[in-house]
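What follows draws every value from the coordinates through simple rules; no lab data is involved. Keep in mind it's a predicted model, so treat the numbers as computed, not measured. Cβ atoms come from the backbone with ideal geometry, glycine included; neighbour counts cover every protein chain shown.
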Amino acid sequence: MAEAARLTARAAIALAVDAFTEHAPPPAGPSAAPDGPLAWDGYGAARARAAERTGESESVVFGEAEVSGVRCAVLAFEFGFLGGSLGERAGDRLCAAYRLARERGMPLVSLVATGGSRMQEGMVALTQLQRVARASVLAREAGVPHVSVLRDPATGGGWATVGAGADVVLALPGAQVGFAGARVRPADADPAAYTAEGQLAAGHVDAVVPAGGLRTALGHWLTALARPAPAAVPPPSPPGGAGGLPESGWEAVRRARDAARPRAEAYLEAYFDRRLPLVGDRCGGTDPGMLCGIGLRDGYGVAYAAQCGTATRPAGYRTAARVIRLADRLGLPVLTLVDTPGAANDAEAERAGAGPAIAEAFAAVAAARVPVTTLVVGEGGSGGALALAAPGNTWATRDSYFSVIAPEAAAAILKRPPEQVPHTAEQLRLRPQDLVELGVVRGVV
């Protein structure tokens with residue numbers, strides 16, 4: 001926990017951004033009474049000791065700064081001030097930071113280190129979470145990107161609103177992250193579940209970033225989120241070129257299944273100058289067969305969701321939908337790469353909601369107001385592939401096919417013997433050139 005532990009708010013700000021200018025806090029409300037809104041005996045004295053010890057007047061500091069030339073609003077929790085807890089005055093500052101970002105059209109960076117809501121202010125403290133949630137919604141509606149950095153600890157309502165409510169969630173190595181703080185967890189709880197690394201594995205954190213690389217990472221993210229590419233992006237070219245068109249449907253299927261052909265990773269590496277991964281569906285699931293994130297191309301941000309040739313899991317579709325919705329809100333064009341034999345159809349996938357997850361991906365593409373470009377780079381297996389395809393702007397490579405169903409499955413449904421599979425593939429008209437003639441794809445790349 002060495003990198004995440006015991007950073008003050010000022011130290012975290014210095015680590016993350018350039019040229020920070022603090023803003024004055026809003027006028028104090030009822031919690032400014034000597035012992036707060038509940039008249040909790042000794043609360044005023046505890047607050048005074050915290051102020052003397054930390055040099056801060058509250059548990060939140062906010063203002064504006066610059067990272068890699070991008071102006072941003074910044075808020076940082078001071079854990080040394082009553083455990084970075086949220087009271088009414090902390091809520092005032094959090095809302096002021098969101099408002100600053102919204103009114104000036106700047107991204108928001110939050111540096112979270114909190115133990116939760118302040119007991120000495122009771123329900124007045126807890127209702128600050130509603131205020132923060134409203135401020136977050138207003139910022140989202142205004143198209144403000146929010147990148148959160150989880151320090152140690154990031155727990156309770158601060159994690160469940162400011163941290164988990166961000167568009168991009170980064171964490172310092174070893175940080176405690178979880179809704180339950182260390183003193184209120186079940187005695188037999190797995191401690192790994194409450195770490196930055198555990199939350200990354202569960203799909204709730206996008207990256208664990210070493211402290212020394214935090215400012216650089218934030219610079220990349222703010223540039224990508226705040227500078228969307230100005231138009232629809234072209235489909236990628238196949239890495240290393242491509243051969244001729246397949247002569248038969250079965251040849252198209254065999255070429256798409258060839259282990260030697262380029263995969264999504266190769267296309268993305270060639271297409272982007274830098275990739276910034278977005279991980280997980282925020283429901284506890286990840287799918288390594290779906291690569292999602294924001295890529296920098298010629299200095300501009302482009303969202304991407306790419307299948308990697310495996311059967312796509314429900315978490316993969318939900319992650320892709322999350323990224324496409326984020327891109328739509330921020331005005332980022334989207335690139336999707338289609339390559340899957342189909343959606344995962346095992347019992348676990350059904351229990352995880354395969355149908356609803358695919359529906360979510362279809363809906364995200366259909367609702368997108370930003371341009372979506374799709375390239376079929378391998379197998380286009382039924383609805384599990386079509387869910388990521390852009391209507392009217394889908395392209396195909398020479399090493400791909402797209403079919404209503406795999407030819408083997410089609411032959412089985414039609415009660416044909418295995419030797420009839422190649423003929424069935426021909427009847428399905430699944431070759432790239434067939435798809436162009438049918439109007440399913442715009443052209444062959």
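Provide the descending list of Cα extents for the stretch 281-329 along its principal axes, expressed in whole angstroms.
32, 23, 13
Taking the convex hull of the alpha carbon atoms in the stretch 290-402, what volume per residue do you get, in Å³?
87 Å³
Over all pairs of distinct alpha carbons, what does the Kirkwood formula give as the hydrodynamic radius of the stretch 249-438, in Å?
16.7 Å
If you keep only loop residues by DSSP, which trypsin sites (Lys or Arg not before Pro) in the stretch 126-205 have at most 11 other Cβ atoms within 10 Å of their Cβ?
Those that pass, being in a loop and sparsely packed, are Arg183.
Among the helices of the chain (complete DSSP H runs), which have Cα atoms covering no less than 18 Å along the helix axis and a Kyte-Doolittle mean of at least 0.0?
Helices meeting the criterion: 354-367.
From the mean inverse distance of alpha carbon pairs (Kirkwood) and the Cα radius of gyration, derive Rg over Rh for the stretch 9-226.
Rg divided by Rh gives 0.95.
Give the percent of DSSP beta bridges with both residues in the chain that are antiparallel, rounded to the nearest 5.
40 percent
Kindly write out, for the stretch 147-160 in residue order, the coupling ³J(HN,Hα) from the Karplus curve 6.51 cos²θ - 1.76 cosθ + 1.60 (θ = phi - 60°), rounded to whole Hz, with x marking Gly and Pro.
Whole-Hz 3J(HN,Hα) from phi for the stretch 147-160: 10, 10, 10, 8, 9, 10, x, 10, 9, x, x, x, 5, 7.
Please give the charge dipole size of the chain, origin at the Cα centre, charges +1 on K and R Cβ atoms and -1 on D and E Cβ atoms. Round to the nearest 20 debye.
Once rounded to the nearest 20, the dipole reads 540 debye.
Convert each backbone phi in the stretch 64-76 into a coupling constant with the Karplus relation 6.51 cos²θ - 1.76 cosθ + 1.60 (shift: θ = phi - 60°), then list the ³J(HN,Hα) values in order as whole Hz, x for Gly and Pro.
Result, rounded to whole Hz: 9, 7, 9, 9, 6, x, 9, 6, 8, 8, 9, 10, 9.
Whose amide H sits under 5 Å from the amide H of Val60, counting only residues 5 or more places off or on another chain, with H placed in the peptide plane?
Glu78
Taking Cα centroids, how far is the stretch 377-445 from the stretch 200-255 in Å?
Between the Cα centres of the stretch 377-445 and the stretch 200-255 lies a distance of 24 Å.
Using just the Cα positions, wrap the chain in a convex hull and report its mean projected area in square nanometres, one decimal place.
Spelled out: convex hull of the Cα atoms, projected over all directions, averaged, 23.1 nm².
Calculate how many DSSP beta bridges within the stretch 234-316 are antiparallel, expressed in % of all such bridges and rounded to the nearest 5.
Rounded to the nearest five, the antiparallel share is 100 percent.
Output the Cα-based Rg and Dmax of the stretch 63-134 in Å, rounding Rg to one decimal and Dmax to a whole number.
Just the Cα atoms of the stretch 63-134 yield Rg and Dmax of 12.9, 41 Å.
Multiply the residue gap between Glu408 and Glu197 by 0.36 nm, knock off their C-alpha separation, and tell me the result in nm, one decimal place.
Additional length available on full extension: 71.8 nm.
Work out the charge dipole of the chain with +1 on the Cβ of Lys and Arg and -1 on the Cβ of Asp and Glu about the Cα centre, then indicate which of Pro391, Ala139, Leu438 is farthest towards its positive end.
Ala139
Val441's amide H: which non-local residues (gap 5+, or another chain) put their own amide H closer than 5 Å, with H modeled 1.01 Å from N in plane and none for Pro or chain starts?
Val436
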